[in-house]
Amino acid sequence: MLIVRKFLRDVAAVLGFVIICVVIGIAIFGPFLLPHPDLVFDSDILRRFEPPSAEFWFGTDNLGRDIFSRVIIGTRGALMVALTVVAIAIAIGVPLGIYAGYTTGWPAEVIMRVTDVFLAVPQLILALAIAQLAGRGLGSAMAALALTYWPFFCRTVYAETRRLRHTVFIEALQGLGASKTRILFVHVLPNVASPIIVRATVGMGFTILTTALLGFLGVGATPPNPDWGLAIAESREYLPDVWWAATFPGLAILITVLGFNLFGDGLRDLIDPKLRRSRS
Amino acid sequence: MSGTDTALLEIRDLSVAVGTDEGTASILDGVNLRLTPGSIHGVVGESGCGKSTLIKAILGLLPARGRATEGSITLQGRALLAAGQKSAAQSARGRDIGFIPQDPLLALNPVFRVGDQLREAMWQYGMSADDPQRNQPRAVRRRVYDQRLVELLRAVQLPDPEQALQRYPHQFSGGQRQRLLIAAALACGPQIVLADEPTTALDVTTQLQILKLLRQLARERGLSMLFVTHDFGVVAQLCDTVTVMYAGQTIESGPVAATMSNPRHPYTRMLLACHPERSQELKGIPGAVPSPLRAPSGCRFHPRCPEMVADCQRARPEAVSGAARMVACVHCHEVAA
Amino acid sequence: MSAAPILSLSDITTVYGGGKRAFGGPRAEVRAVDGVSLELREGEALGLVGESGCGKTTLAKTILGLLTEKSGSIRLGGQVVSGLRPEAARRARPSIHYVHQDPGAALDPWWTVGHALDETLRIHGVRDRRERAARIAEMLMAVGLDTSFLSRYPHELSGGQQRRIGLARILTLRPRIVILDEPTSGLDLSVQATVLGLFNDLRHRLGLTYLFVSHDLSVVRRMCDRVAIMYLGRIVEIGPTAQIFAAPAHHYTRALLAASPTLTPGSLDDMPSLRDDPPSPTAVPSGCAFRTRCAHADEQCRVERPDLAAVTDTAHGHLAACHHAFP
C-alpha cells in the first residue's frame, strides 16, 4: 500500500511509532515482568539510595523502592491519564467546533469567543488553578487538563470545517439536496477526522508532559503513586548525588513524549486522500 | 528546415528523465526545436506532452530529481544544457531569456510593491548584457532602473505607469497583472521570451489584447518568442511557426498556415479534427495520453494511431524535413509545403 | 415551432453583500444578476456566455436554488418556485440539476465513486439497494464507463472521466434540466470532443434540456440551439445560435466573437480589440453598462439603459439591448 510505503520512508515517524508500541507494550505486560514486584509500593529502608546495579537496574529511591519497577508501573498510569484527558477533550471540542464552523449566528460566536478566552490563558496556569481549586489528586488533575485542552480541538475542527464548508464537494451536496445533518456527520466529520487524529497523537505526548508537571508541582498524583512527575519531585532534594532517582523517570517522560510527537508529525504528512488507492 | 538561417535557440535530441516515487519518468524523448531570430514559435500539445518541462529545461529549472539524459540546448552556440547535466542555464535565465508565467496572480508576491518585484532581475543582471550602470552606486542604479521600468510599463500599455510601481499586485486586474509580468520578462533586455500559456487564465477579450501586445513587442524589439499553449486557435492568431508535441516527443513542426491546413502527422490531424470548429461528429481520439512512467516504445502515439504498423513500435521514426517543415512519422517520406 | 417553456425566469435579481455589518454602516451591495428574464424550452440547449464576473455562474446557482434571488420570479413547469430559502428551493426544483465546473472537486475526496453515486440516490430517498445499483450501472454505461470505476477514488480519475462521473451522478436522479457549468474547462481538445459528443448524445437520448454555461464560443456554437450573452449581470443579446454568430447585433457580442480564437490563421492587426477591462460589478456604469468600452456610445447610452428588443421584424426571437444595434 502506498500509504504504508510512504510512512516507512519517514525514519522519524517510524521511530516514533516503534517507541509508542514499546511504551504500550510495557503498559500492558510490564506489571507481569517486574524484577521486584514487592518493591513498588513497599519500602525497604535498608536499601535506600542504591545506585544502578545488576539487581536494581535504575537504582532505588529514598524509601528503598526499585525505581525500574516504579517506572514500569508508572507507564500504565501515564498512558491512562493521557488517553482519558484527550478523549474528554475530543468529546467536548469536536462537536462544538463542527457546529461553530458550519453555522453562523450567535451560538457559534459564543463558542468561538469562549474558545479564544481559553486559548489566551496558558493552559498550564489554567490547569494549575483548576486543579488547585478541585483539591489535590489525580482525578482533579485530569479534569483540569481536559477542561483546558478541549479548546485546541475546537479551534482545529472549527478552522477545518470552515474551509470544508466552502469546498466544491460540499456545495455539490447542497445542490443535490443533502440535509445539513447528513453533510455534517457523513461528510464533514470524516474529513476533519485526520487533523483530529494528528492533534490527539501530539496531544497524548503533551498531556503526559503536563500531567508529570502537575505531579511535580504537587497538584497531581499523590504518594505513593508511581507517577513519573511525582517521582522527580520526590527525588529533587537528593540531587545531584542520587542522580538516578530523578533521571530515569525523567527519561521515561522524555522518550514517551518524543515518541508521540514524532509519530504525530509523521501522521500529518500522511493525511492526504490522494494516498488512497482503489483495490484493483 | 532550411539550414541557411541560423537558430537563436536550438534544442537537439533532448531527452529528460525525472525520478519519481514510482520509478523513472521519461518526460521528454528526443525533442528537436529551432527558434529563429525575430519569430514567434508556438509549442502545442495536450496536458502531459512535456511542454512545461521543456520550458523548465530551457530556463535551467528542472526538478530536483530530473536531468537531461541525451541531447543539448544551445543559445547562439553556447550550451545551456547538455546530456548528463542538471542545469547550466542559470546565467541565461532572466538576462538572455525572459519568462512570462501562466498565472499572473500566483507569479507576483502579494506583500511586495510591484516596483520592488520588477526591479529584482535588474539588480542581478543589469539592464542588458553590457550594462554601463552595473558599477554605479545603488541609488543611481535605482533611478535608472525605475526610468527603464516606467518606459517598459508604457510599452506594455499599462495605465498610469509612474504610479504602478508603487502599487501592490491586488490593485491590478488579471490582464494588467499579465502586462506587468511581460514588462518583468523584458526588464533585462532579453533576446528570447518564453511564454507558458500566458493567456489561459484570461477572458477572450483580454486574451486578444495581450496577444496583440506580444505580437507588437516582438516586432518592435526584434524579440524571438517561444509560446507554449494547448490552444490551436491562439497559435493560429499569434505564431509564425509551430511545433506539435505528444507524450514528450516533437512529432511535427512547420509554418502555422501550412501545418494547420495540411497536417501530416496522424496525431496532428486527429487533434485538429477534434476542434469544435472542424469536428464532424464530436469524437475524440480513442485512448489516453500514456503515463511517462510507462511510455510506449518507438513512436509514442502508436497505441492510439489508426495507421500503426509494426515499425512504429520498434524505433522512433526518423524525422523527415523539407520546406521548413518536419514530420516524424514512418508514413511520411517527404514533406513539401 | 418553438416548444413550451419548461423554465421561465422573470426579472431575476441576485445580490451579494447588502445588509448591515455587526459594527458600523451598511455593507456594499453587488447586483451579480440584475433583472434577467429568460425562457428555457423543453429539449433545447441554451448557451449562457460571458466573461468572468459577468454573473453567469451566479445566475446558474440562482436557477438551481443554491442562491436566493432578491426579486423576480422563477416558474418551473408552470409552477412558481421562487421566493424560497435554499433548502426549500432545492426541494421545489427536483428536476433541475447541476454539473459542476470541476466535477472532480465535487466528489468527497475520501469516498469512492461508487459510494458517492450511491449516496446521491439515498439522499433522494431511493431505499431499495438493488434499484440504486441498477440505476447507477445504467447511467455509468450511458456515460461510457463501466462498473469497475465504482471502486476508484476521485483523484484516480482523469479529467474526462471526472466529467462523466459528474454527469452520471446527476443523471441517476433523472433530471429534465441540466445546468452544465463550464463543462469543458481544463479538458484537452481530444477529450473535450468526446465529452461534447456525449452531452449531445445524452440530450437526445434522454430528452434533456441544457443550460450550457461557458466562455468558449466555439464550443457554444457547436452545442447550443440558442445563445444568451451576459455582460455585468444583464443579458445583452439572446437569439438562435446561427443568427447570433452570423449577424451579432450588440457591439459587445461583436467584440466577443471577434476576440475568440479560430483555427483560421489570421493577422492579429486586423482584429479589433476592446479597450480596458470590464468595470467592477460594484460600480456598474449608468445607462448601458457596456458604454465605457463601446466605440459607438453616445449621450443616450449614458443616460438611458437599453432594454432587450427585437433586432429586426423578421428575426425570430433575436433580441438585443443596444441603442445602436446592428440590424
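The values are calculated or read from the model by the stated rules, or taken from the named source; none is laboratory data. All values reported here derive from a predicted model rather than from experimental measurement. With ideal geometry, Cβ positions are generated from the backbone for all residues, glycine too; neighbour counts draw on all protein chains shown. Protein only, heavy atoms only, side chains kept; ligands, DNA and RNA dropped before computing areas. Shrake-Rupley method; radii C 1.70, N 1.55, O 1.52, S 1.80 Å.
Neighbouring Cβ atoms from other chains, within 10 Å of the Cβ of residues in A:158-169, number 2 on average.
Cα-Cα pairs above 23 Å in chain A: how many percent? Tail of P(r) above 23 Å: 61 percent of Cα pairs.
Once both axes come from the Cα atoms, what is the angle between helix B:204-221 and the longest principal axis of chain B, in degrees from 0 to 90, rounded to 10? Helix B:204-221 and the main axis of chain B meet at about 80 degrees. Extension gain, C:Thr68-C:Arg127: 0.36 nm per intervening residue step, less the Cα-Cα distance, totals 18.2 nm. Taking the three principal axes of the alpha carbon atoms in the range A:188-249, the coordinate ranges are 55, 20, 15 Å, sorted in descending order. In order along the range B:281-291, the phi-based Karplus estimate (6.51 cos²θ - 1.76 cosθ + 1.60, θ = phi - 60°) of 3J(HN,Hα) comes to 10, 6, 10, x, 7, x, x, 9, 4, x, 5 Hz; Gly and Pro are listed as x.
The tail of the calculated P(r) for the range C:102-174 beyond 18 Å holds 28 percent of all Cα-Cα pairs.
May I ask for log10 I(q)/I(0) of the protein assembly as shown at q = 0.11 Å⁻¹, from a Debye sum over the Cα atoms as equal point scatterers with solvent left out? Rounded to two decimals, the profile gives -1.40. Across B:Glu334, B:Glu318, the residue with the most accessible area heads the list, and the full order at a 1.4 Å probe is B:Glu318, B:Glu334. For B:His331, A:His166, B:His265, the ranking by accessible surface with the largest value first comes to A:His166, B:His331, B:His265, using a 1.4 Å probe. Rounded to the nearest 0.05, what FRET efficiency do B:Lys283 and B:Arg314 give with R0 = 35 Å and r taken as the Cβ-Cβ distance? Could you check? Calculated transfer efficiency: 0.75. Distance between the pseudo-spin-label points of C:Asp270 and C:Asp307 (7 Å out from Cα toward the beta carbon): 4.0 nm. Among the residues of C:265-272, the average count of other protein chain beta-carbon atoms within 10 Å of the residue beta-carbon is 5. Counting only protein chain heavy atoms and rolling a 1.4 Å probe, the accessible areas of A:Phe41, B:Phe301, C:Phe326 rank, largest first, as A:Phe41, C:Phe326, B:Phe301. Counting only other residues whose beta carbon sits under 11 Å from that of B:Asp21, what net charge do I get with K and R as +1, D and E as -1? Once positives and negatives cancel, what remains is +3. Each DSSP beta bridge with both residues in the protein assembly as shown is either parallel or antiparallel, and the antiparallel ones are about 60%. Counting only heavy atoms of the protein chains and using a 1.4 Å probe, C:Ser267 has close to 50 Å² of accessible surface. Between the listed residues A:Ala131, C:Pro154, A:Val186, the Cα displaced farthest toward the positive end of the dipole of the protein assembly as shown, a dipole computed from Cβ unit charges relative to the Cα centre, is found at A:Val186. Distance between the 7 Å Cα→Cβ label points at A:Leu33 and B:Trp123: 6.0 nm.
Over chain C, the fraction of Cα-Cα pairs per 20 Å bin, rounded to whole percents and listed from the shortest bin up, is 29, 56, 15, 0.
In summary, the aspartates and glutamates within cross-link reach of B:Lys212, defined as a Cα separation below 18 angstrom excluding same-chain residues under 8 places away, comprise B:Asp196, B:Glu197, B:Asp203, B:Glu220, B:Asp231, B:Asp240, C:Asp269, C:Asp270, C:Asp276, C:Asp277. Lys and Arg at +1, Asp and Glu at -1: add these up for the other residues within a Cβ distance under 13 Å of C:Ala320 and post the number. Counting the neighbours of C:Ala320, the net charge comes to 0. For B:Ala79, what is the net charge nearby, where nearby means another residue's Cβ is under 11 Å from its Cβ and Lys, Arg count +1, Asp, Glu -1? Spelling it out: positives minus negatives among the neighbours equals +1. Note on chain B: along the principal axes its Cα atoms extend 67, 45, 44 Å, ordered by decreasing extent. Per residue of peptide C:151-159, the mean number of Cβ atoms on other chains within 10 Å of the residue Cβ is 4. Across all Cα atoms of the range A:127-280, the radius of gyration (one decimal) and Dmax (whole number) stand at 21.2, 72 Å. Using heavy atoms of the protein chains and a probe of 1.4 Å, the accessible area assigned to B:Leu202 is about 20 Å².
Helix-only arithmetic for chain B: the sum of -39500 (n - 2.57) across DSSP H runs with n ≥ 4, divided by the residue total, places the mean residue ellipticity at 222 nm at -9000 deg cm²/dmol.
Between A:Glu237 and C:Ser148, the distance separating the two model label sites (each 7 Å from Cα on the Cα→Cβ line) works out to 7.6 nm. Calculate the FRET efficiency for B:Leu105 and A:Arg163 from the Cβ-Cβ distance with a Förster distance of 25 Å, rounded to the nearest 0.05. In this case the efficiency is close to 0.80. For the protein assembly as shown, the solvent-accessible area with a 1.4 angstrom probe is 43 square angstrom per residue. Taking all protein chains as shown and a probe of 1.4 angstrom, B:Arg215 keeps an accessible surface of around 50 Å².
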